[in-house]
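Visitor: Below you will find the structure I want to go over with you.
The values are calculated or read from the model by the stated rules, or taken from the named source; none is laboratory data. The shown structure was predicted, so the numbers you read here are calculated from the model rather than taken from an experiment. Positions of Cβ are generated from backbone atoms using ideal geometry, with glycine treated the same way; all protein chains shown enter the neighbour counts. Only protein heavy atoms, including side chains, enter the accessible area calculation; ligands, DNA and RNA are left aside. Shrake-Rupley method; radii C 1.70, N 1.55, O 1.52, S 1.80 Å.
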Amino acid sequence: MFGKKKKVDLTELDRERLPVHVAVIMDGNGRWAKKRLLPRVAGHSAGVSTVKKIMRMSSDLGIRYLTLYAFSTENWKRPKEEVSALMRLVIDSLRRELEEMHEENVVFNTLGEISQFPDEVVDVLVNAKEKTKNNTGITVNFALNYGARSEIVRAVRKIAHKVEQKELSIDQIDEEQISQNLYTVGQPDPDFLIRTSGEERLSNYLLYQLAYAEFYFTPVYWPDFTETEYKKALLEFQNRKRRYGGL
Ligand code: FPP
């Protein structure tokens, strides 16, 4: 999946001070395409190549979790053709890359209400999760039909249900209980958030989980977010951590 090995010098990065969980808002595919007078979908295709690069580099660095915002609950509002092209991309990329991801020991996971996708998409996603669930390498979460507020609503309902069933008392509702009812159950919170394309918003992404994360914004469009750009981001993360350590 991960494409050809890229030769970026990673020795400057301190392996002991890498984020454990990197969350990414992959933004700017449309503008990348527009700049080249290409259809928006060409931007998404180019974005898939970046996904591969960033997965490989994260895995090589020993980063444990990578969470990618691939389709938000708001993305349904896009033209029908673009929505189906995105679905197609998910299906085709996963079919093409799954075997290699599995060999690379990747755990494929999704965050979001995937049951609202067409059956063919659900089948591919469920199959990929099932196949890779016992792997021990990096966990890659694809946020698909994901929205943080509806994730929180879902968690509140799940907890309320447990209270109603007397499995849980109100006093037992704490931060941990909420975490355990989010899609990211069992995972550490992201410690680093990257958003590409110059937008500096959270866009309903991981609102609960990002409480303590470092944020990194870059004007680079997602298809142009190379290994070198990723390294720059990670160096910035390490610098911030160093400053905090010095206080
Ligand atoms: C944002 O760019 C990007 C998305 C809404 C989709 C991201 C999806 C991919 C990179 C492909 C998904 C691939 C897999 C394998 C899950 P935008 O369209 O909002 O760009 P713009 O803001 O410039 O219009």
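Visitor: Under 18 Å between alpha carbons, and skipping anything fewer than 8 positions from Lys7 in its own chain: which aspartates and glutamates qualify?
Guide: Within the straight-line cut-off, Lys7 pairs with Asp60, Asp224, Glu227, Glu229.
Visitor: When the chain is fully extended, how far beyond the present Cα-Cα distance does Ile170 get from Arg88, taking 0.36 nm per residue of separation?
Guide: Values: separation 82, 0.36 × 82 = 29.52 nm, distance 4.42 nm.
Going from the current span to full extension adds 25.1 nm.
Visitor: Highest GNM mean-square fluctuation, the chain, Cα pairs closer than 10 Å: which of Gly47, Gly30, Gly112?
Guide: In this elastic network of the chain, the residue with the biggest mean-square fluctuation among Gly47, Gly30, Gly112 is Gly30.
Visitor: Okay, moving on. Per DSSP helix of 4 or more residues, -39500 (n - 2.57); summed, then divided by the residues of the chain. What does that give at 222 nm, rounded to the nearest 500?
Guide: Working: 7 runs with 109 residues, N = 247.
Roughly -14500 deg cm²/dmol at 222 nm, from the helical runs in the chain.
Visitor: With the Cα gyration tensor of region 134-247 in hand, convert its eigenvalues to equivalent ellipsoid semi-axes via √(5λ) and list them largest first in whole Å. Don't skip to the end; give the middle numbers.
Guide: On the way: eigenvalues 208, 58, 39 Å².
They are 32, 17, 14 Å, listed largest first.
Visitor: May I ask for the net charge around Gln180, where only other residues with Cβ less than 15 Å from the Cβ of Gln180 are counted and Lys, Arg are +1 while Asp, Glu are -1? Mind dumping the intermediate values first?
Guide: Working: positive: Arg154, Arg157, Lys158, Lys162; negative: Glu151, Glu167, Asp174, Glu175, Glu176, Asp189.
Result for the local shell: -2.
Visitor: For Lys131, give me every one of the aspartates and glutamates with a C-alpha distance below 19 angstrom, ignoring sequence neighbours fewer than eight places off in its own chain.
Guide: Asp92, Glu97, Glu99, Glu100, Glu103, Glu104, Asp119, Glu120, Asp123
Visitor: How much accessible area per residue does the chain have, counting only protein heavy atoms and a probe of 1.4 Å, in square angstrom? Walk me through the numbers before you get to the answer.
Guide: Working: 12800 Å² over 247 residues.
Here the per-residue accessible area is 52 Å².
Visitor: A further question follows. How would you order 33-39, 76-82 from highest to lowest mean count of nearby Cβ atoms within 10 Å? Show your work: numbers first, answer last.
Guide: Values: 33-39: 13.7, 76-82: 10.9.
Top to bottom by mean Cβ count within 10 Å: 33-39, 76-82.
Visitor: Going highest first, how would you order 159-171, 55-67 by mean Cβ packing within 10 Å? Before the final figure, lay out each step's value.
Guide: On the way: 159-171: 11.2, 55-67: 19.8.
Ranked from most to least packed, the peptides come out as 55-67, 159-171.
Visitor: I want to check the label-to-label distance for Arg240 and Trp76. Put each point 7 Å from Cα in the C-beta direction and report it in nm to one decimal.
Guide: The two pseudo-label positions are separated by 3.3 nm.
Visitor: So what are the ³J(HN,Hα) numbers for region 110-115, from phi and the Karplus equation (6.51, -1.76, 1.60; θ = phi - 60°), rounded to whole Hz, Gly and Pro as x?
Guide: So the Karplus estimates, Gly and Pro as x, are 10, 10, x, 8, 5, 4 Hz.
Visitor: If you rank Thr73, Thr139 by how much accessible surface each has, with a 1.4 Å probe, what is the order from largest down?
Guide: Values: Thr73 45, Thr139 20 Å².
I get Thr73, Thr139, largest accessible area first.
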